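Worksheet: the structure to be examined is printed underneath.
The values are calculated or read from the model by the stated rules, or taken from the named source; none is laboratory data. A quick note: this is a predicted structure, and the numbers were derived from the prediction, not measured. Reconstructed Cβ throughout: ideal geometry from the backbone, glycine too, with neighbour counts over all protein chains shown.
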Amino acid sequence: MATLPRRFVHDLKVALGPHVTAPNTLNPVLLAIGIRGYWIQSRIFRIPDRYGFFSLGPARLQVHDASLCIAILMVLAVVAPAVVLFHVCLTLKDGYRPLWKDALIGFAPSGLVFSGIWIWQCHSKQRAPDYEWEDWKTRKD
């Protein structure tokens, strides 16, 4: 059981690392997240590929999608609770305040950030079939 936290920390370090490593290989953790994310999106949620966050496209695009997913999760997990806590601290002098209002104030900006990133992702140039990645050289057989 002691290896589970070590593996999680290792995978987290790898996931937050570069997309492409020195010998022109993709980040394996991000690639696994991208593949699994697409599977969940298409099989469980049945979101069409056109509107989905993850793509079935080339492996480099799946790594890109996974890194954006991690960024969004970090925003939702860190920024939103921090905004809620900050807002609660500022309004404590007013006495009792319903928690749902504080949660709405904290998570509404995160929802706007997520919506903006999702719209940008759906229309990004990286999804074009002929897009050339600058840091990734595809094999030409």
*In segment 5-55, how many are surrounded by fewer than 15 Cβ atoms within 10 Å (Cβ to Cβ) and either among the polar types (S, T, N, Q) or under 19 Å from residue 133 (Cβ atoms) (or both)?*
8
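Scan segment 86-100 and tell me whether some residue there is among the acidic types (Asp, Glu) and either modelled with pLDDT of 85 or more or outside any helix (DSSP H, G or I) (or both). Step through it out loud before you land on a result.
Just the residues of segment 86-100 that are among the acidic types (Asp, Glu), to begin with: 94.
Among the residues that remain, those that are also either modelled with pLDDT of 85 or more or outside any helix (DSSP H, G or I) (or both) are: none.
The answer is no; no qualifying residue exists.
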*List the number of the failed condition for residue 42; all other conditions in (1) farther than 17 Å from residue 65 by Cβ; (2) touching a Leu at 6+ places or on another chain (Cβ under 8 Å) hold.*
(1)
